[in-house]
Amino acid sequence: MKIIIAPDSFKGSLSAVEAANAIDKGIKKAFKQAETTLLPIGDGGEGTMETLVAATGGEIRKAKVTGPLGNRVEAAYGILGDGRTCVVEMASASGLHLVPEGGLSPLKATTYGTGELIRRALDDGFTSFIIGLGGSATNDGGAGMLQALGMGILDAEGDEIGFGGGALADVRRIDAGALDSRISGSTFLIASDVQNPLVGPDGASHVFGPQKGADPEQVELLDRNLAHWADRIEDAAGIRLHDLAGAGAAGGIGGAFLGFFPVAMKRGIDVVLDYIQLEEELADADLVITGEGQVDRQTAFGKTPLGVAQRATSQNVPTIILAGSVGEGAGVLHDYGVVSIHSIVTGPMTLAEAIERAEELLEVSTEQIVRAYFHQNIKIKGRLVV
């Protein structure tokens, strides 16, 4: 019996590695003889860099950069095992987790630190990049990142604008020619699941602004500012980002990449799964267990459980999803080969208690689900398991 364990993180409680280990313990309690393969996964957001570095035998380098609120923070970028490819996870420098509780400020939050990480990697000689978008605290359209890489983003007096989405209204001219010349000679693979345009009701501000602390009035202001920013980019680069799919990713930084970098965009989970060689492991697998903190209809838009299930289904291997909570619309995942979806919460408890007990709950739930699955005389790939 071979079971592949391929979860994402359970945000706020368990990393992908911790979740995989808890699931493994639960399986081994049910069946000591089970062969398990642990493949913890990130889908473009937090954890993607660590996943890719671990899968390829690479290394992580740390650097001090400007955090989302302008303070200095310690961030990191990864080098894959080929020694040539650099992975920059924007959440490492500009992520929500770097903002203290109650401190979210999308009008001021900046992507400058993400630009500093890229510049550091360029200084170290790297020209091949994977950029993970997700988990950002920012809504500045990538302006801070571009500033860190030399681009002039100027106000009416010819001075650099300030940080954050609130400052985009001040942009009068973009000096695109000042962007670091090494960028044009590099390649950038953008790992992102977001297909939202930059502006409008489906744009970065309306869809993602509230989770970054924007109230309704600020959402409208940020959307207007991004539209103004997109107008100036169109003037400078001749590309219209307003309605371009993917431009709204990570507070609009997707638009900055599409406007000024030599890029290709790919679903984040597919980038990761290609590197960890999931198909090879699936060849003789009996079951896949995946999961993340919240599973709902949004999961079907390219998050880890969906990507894993799609690959498993292509090789006729069933998939079970475990989640901290199962929300509305999760049932659509059954259309993609998911056998069953389970919440690991075993009874009434507060969110704080569920987070604190996440490892225990995941282990216990895994054991019971695996026992039930394999003790019901289910045929797995032609073999009867009793």
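The values are calculated or read from the model by the stated rules, or taken from the named source; none is laboratory data. This structure is a prediction, so every number in the text was calculated from the model and none was measured. All Cβ positions, even for glycine, are placed from backbone atoms using ideal geometry, and neighbour counts span all protein chains on display. Please note that ligands, DNA and RNA were not included when accessible areas were found on the heavy atoms of the full protein model with its side chains. Shrake-Rupley method; radii C 1.70, N 1.55, O 1.52, S 1.80 Å.
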Summing +1 per Lys or Arg and -1 per Asp or Glu among the other residues with Cβ less than 14 Å from Gly251's Cβ gives 0
By the Cα gyration tensor axes a ≥ b ≥ c (a/c under 1.5 gives rounded; else a/b larger than b/c gives prolate, otherwise oblate), the shape of the range 247-307 is oblate
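Pairs on different chains or at least eight residues apart, Cα atoms closer than 13 Å: how many lysine pairs in the chain fit?
5
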Where a ≥ b ≥ c are root eigenvalues of the Cα gyration tensor, a/c under 1.5 meaning rounded, otherwise prolate if a/b exceeds b/c and oblate otherwise, the range 10-135 counts as oblate
Non-local residues with an amide H under 5 Å from the amide H of Asp175, with H modelled 1.01 Å from N and Pro and chain starts lacking one, are Gly152, Ile153, Leu154
With +1 at each Lys and Arg Cβ and -1 at each Asp and Glu Cβ, the charge dipole magnitude of the range 113-261 around its Cα centre, to the nearest 20 debye, comes out at 400
With only helices counted (DSSP H, runs n ≥ 4, each -39500 (n - 2.57)), the per-residue ellipticity at 222 nm for the chain, to the nearest 500, works out to -10500 deg cm²/dmol
The correct ranking of Arg120, Arg173 by accessible area at 1.4 Å, largest first, is Arg173, Arg120
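Compute the signed sum of charges (Lys and Arg +1, Asp and Glu -1) over the other residues within less than 12 Å, Cβ to Cβ, of Ala176. Spell out each step's value before the answer.
Working: positive: Arg173, Arg232; negative: Asp175, Asp180, Glu234, Asp235.
Net charge in that neighbourhood comes out at -2.
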Taking Cα atoms only, Rg over Rh for the range 259-386 with Rh from the Kirkwood formula is 1.02
Burial-style ranking of 294-300, 348-354, 153-159, average other-beta-carbon count within 10 Å with highest first, yields 294-300, 153-159, 348-354
Put Lys62, Lys32, Lys2 in order of accessible area, largest first, probe 1.4 Å, and you get Lys32, Lys62, Lys2
So the angle from the long Cα axis of helix 304-314 to the longest Cα principal axis of the chain, reported in degrees to the nearest 10, equals 50
Of 15-26, 134-145, ordering from highest average Cβ density within 10 Å down gives 134-145, 15-26
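If packing is taken as the average number of other Cβ atoms within 10 Å across a peptide's residues, how do 89-99, 270-280 rank, most packed first?
Descending packing order for the listed peptides: 89-99, 270-280.
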The answer for the range 168-292, accessible area per residue at 1.4 Å probe in Å², is 39
Taking a ≥ b ≥ c as the square roots of the eigenvalues of the Cα gyration tensor, with a/c under 1.5 meaning rounded and otherwise prolate when a/b exceeds b/c and oblate if not, the range 209-287 is oblate
Share of Cα-Cα pairs in the range 135-194 beyond 18 Å, whole percent, is 41
Of every Cα-Cα pair in the range 152-306, the percentage lying beyond 29 Å is 29
In the chain the accessible area split gives carbon plus sulfur, as whole percent at 1.4 Å, a share of 49
Helix 358-374 sits off the longest principal axis of the Cα atoms of the chain, rounded to the nearest 10 on a 0 to 90 degree scale, by 50
By accessible area (1.4 Å), largest first, Leu361, Leu107 order as Leu107, Leu361
The helix 16-30 Cα axis meets the longest alpha-carbon principal axis of the chain at an angle in degrees, between 0 and 90 and rounded to 10, of 10
